[in-house]
Amino acid sequence: MSDNRPESVFSTSSRRTKYIVSFAVYYCNLVFGAGVTFLSPLVLEFTRRFNASVDEISRVFTIILICYMSSALLCTLLFKCVNRQFVVLFLLSFVACSFFLIPAATNLTQFYLFSSLIGVGSGGYDTAQVAWIIDIWRDESAPWILSQHFAYSLGTLGPPLIISHFLPSNHSTEATGFGTDALDIHIPFYITGSMTILAVAINFVIFFTFLNRNPVISIGNNIQEAVVVPSTQRGSISSSSSTSSISASTPLLPRNRNRNLLKRKIYLIVLSCCVIGFYSALELCTQQFLPTYAHFSPMKLSPTEGARVLFGLQLGFTIGRFVGIFLVQKISPHFIFTGNLILLTISNTILFVWGGHSITLLWVGSIMIGVGMSTVYPSLYAFIEKYLFITESVSGIITVSSSFVAAMYPVIVGNSVETNPEILMYVNYVSISVCYIAFSLLFSMTFMRRSRGRV
């Protein structure tokens, strides 16, 4: 893909500055990973605290995703007119507030309201961070995208590892308040909230550091600062420049060619939404309900044991993403993605057939499905980025549309998991099937056509 993208203060910075900003993004992604998955090990605990069913508690995941989707849509529009880093400050602040407010909730309404702040902050931030790292590294972005997602996976290790020490080891789900001292269960929330405040502080420094900078463009041995043109002058400048370019350069592309390129871009975005949407539903739903599935399976694992199984999944997820940083430099992204789908199919089958009856195979299936999920996002984005520049707008469209499916899964699974825990595997099979079909079409439209000289 030819790089016609406008330069930015990040893309034209020195490599040292790029490294510093990238590691700041990575820390924010670590916090992002902890925040998105934080409530998953606590579903059973909140049923005890609020004397509610799993279905009622699991609605919080749908509420978070609806807020996530709305935030992503709003920020997609907002980033066109407001500085991205300025908006990120507020988004991360919402997430930080949620971790100090949720432990104080005394009823389901407050629980839903405070938890919705996680979705409000996460949706916009997710839209920003996907485009941000590509904006920094451009055509070098593939390993950096994987490193970015590795940082997210490191964050997902925290909640099950820390929270498991504050959960009861018995197998009851009767309403008895929190299983441990009320102050104790607040500690994991306060730790994560404090980490998020640090992320806000880091972005505050980045915002004011780059606030008054303009892109610096290297032309031969000369270095020039890009001129910022006021919006009132852009029309006349673009008009005169386009007139001169028409007379001095090649003719404009035919209308039919432009129409075909637009149609192709829409197809790419739609297919990307299908793959990422159904995969997102699989990843989030599995992380959200695996401890609950383990509790209501024939083995009846305790909340503490269920949190540890979730840690096994996240461990496989993290190790896979670390290995993926090096694999993406040696293996084409479409091969990595195909391997992910095959591994997801095998691991989901292990969980479906044996996961409810054998603790060993439950761990094996959980770790394998974590490895299978590990490089789906980065390999898919690395593949798509070859044919489609991922701007905030494109990232926002994909994020918003893909959230629809992810928002439906908690309703379906939460309504049936107590009586039919295998529902988790059923919806995973649906996601895997759609991903196979949509990616096959995406691959034929891009890589295969280019190999034949048609792109």
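Pairs only if they're at least six apart or on different chains, beta carbon under 6 angstrom, first in the range 332-358 and within 15 Å of L424 (Cβ to Cβ), second at pLDDT below 95 and of a type in the set (S, T, N, Q); list them, first residue then second.
Cβ pairs passing all conditions: G356/S297.
Quick test for you: out of Y377, Y426, Y387, pick the one residue that is under 20 Å from S122 (Cβ atoms) and either surrounded by fewer than 19 Cβ atoms within 10 Å (Cβ to Cβ) or in contact (Cβ under 8 Å) with a residue 40 or more places away in the chain (or both).
Within the list Y377, Y426, Y387, the selection yields Y377.
Do any residues in the range 251-269 that are within 25 Å of A438 (Cα to Cα) and among the β-branched types (V, I, T) have Cβ atoms under 9 Å from those of residues that are part of a loop (DSSP other than H, G, I, E, B) and at pLDDT 75 or above, where the two are at least six apart or on different chains, and which pairs are they?
Cβ pairs passing all conditions: I269/L388.
Of everything in the range 315-357 that's within 22 Å of the chain's Cα centre (by Cα) and not in a helix (DSSP H, G or I), which residue is nearest to L290 (Cα to Cα)?
Residues of the range 315-357 that are within 22 Å of the chain's Cα centre (by Cα), as a first pass: 315-329, 332-345, 347-348.
Imposing the further condition that a residue be not in a helix (DSSP H, G or I) reduces the set to 328-329, 332.
On the way: V328: 29, Q329: 32, S332: 31 Å.
Looking at residues that are within 22 Å of the chain's Cα centre (by Cα) and not in a helix (DSSP H, G or I), I get V328.
Go through the range 386-404 and give me each residue that's closer than 14 Å to S70 by Cα and of a type in the set (A, V, I, L, M, F, W, C).
Residues satisfying the conditions are I397, I398, V400, F404.
Only residues that are crowded, with 19+ Cβ neighbours inside 10 Å, in contact (Cβ under 8 Å) with a residue 60 or more places away in the chain and over 30 Å from Y387 (Cβ atoms): list them for the range 407-423, please.
Quick first cut of the range 407-423, residues crowded, with 19+ Cβ neighbours inside 10 Å only: 407, 409-410, 413-414, 417, 421, 423.
In the following step, the residues that additionally are in contact (Cβ under 8 Å) with a residue 60 or more places away in the chain were identified as 407, 409-410, 413-414, 417, 421.
Hits for the range 407-423 are P410, V413, G414, V417, P421.
Yes or no: D55 of a type outside the set (V, I, T) and at pLDDT below 90?
no
Of the conditions (1) in a helix (DSSP H, G or I); (2) surrounded by fewer than 24 Cβ atoms within 10 Å (Cβ to Cβ); (3) in contact with a helix residue (DSSP H, G or I) (Cβ under 7 Å, 6 or more places away or on another chain), T360 clears all except one; give me its number.
(3)
Is at least one residue of the range 387-400 in contact with a Pro (Cβ under 8 Å, 6 or more places away or on another chain), over 30 Å from H295 (Cα atoms) and modelled with pLDDT of 80 or more?
No, that holds for no residue.
Could you list, in sequence order, the residues of the range 391-406 that are under 14 Å from V130 (Cα atoms) and assigned to a helix (DSSP H, G or I)?
Listed by number, the residues that qualify are E392, S393, V394, S395, G396, I397, I398, T399, V400.
Counting just the residues of the range 21-45 that are hydroxyl-bearing (S, T, Y) and either over 24 Å from E305 (Cα atoms) or touching a Leu at 6+ places or on another chain (Cβ under 7 Å) (or both), which one comes out surrounded by the most Cβ atoms within 10 Å (Cβ to Cβ)?
Filtering first and then ranking leaves S40.
Is it the case that the range 289-312 has a residue that's assigned to a loop (DSSP other than H, G, I, E, B), on the phi > 0 side of the Ramachandran plot, in contact (Cβ under 8 Å) with a residue 60 or more places away in the chain and not aromatic (F, W, Y)? First the steps, then the outcome.
So the first thing to find is which residues in the range 289-312 are assigned to a loop (DSSP other than H, G, I, E, B), and the list is 297-302.
In the following step, the residues that additionally are on the phi > 0 side of the Ramachandran plot were identified as 300.
When the remaining residues are screened for being in contact (Cβ under 8 Å) with a residue 60 or more places away in the chain, the result is 300.
Okay, now just the ones that are also not aromatic (F, W, Y), so 300.
Within the range 289-312, one or more residues are assigned to a loop (DSSP other than H, G, I, E, B), on the phi > 0 side of the Ramachandran plot, in contact (Cβ under 8 Å) with a residue 60 or more places away in the chain and not aromatic (F, W, Y).
Please name all residue pairs, on different chains or six or more residues apart, with Cβ atoms under 8 Å, provided the first residue is in the range 191-210 and is farther than 13 Å from V21 by Cα and the second residue is part of a helix (DSSP H, G or I) and among the aromatic types (F, W, Y).
T192/F99; G193/F99; G193/F100; T196/F99; L198/Y27
With outside any loop (DSSP other than H, G, I, E, B), farther than 30 Å from D139 by Cα and either touching a Gly at 6+ places or on another chain (Cβ under 9 Å) or modelled with pLDDT of 80 or more (or both) as the only criterion, which of Y429, Y377, Y436 stands out?
Checking each option against the conditions leaves just Y429.
The values are calculated or read from the model by the stated rules, or taken from the named source; none is laboratory data. Everything numeric in this text was worked out from a predicted model, so none of it was measured. Cβ: placed from backbone, ideal geometry, glycine included. Neighbour counts: every protein chain shown.
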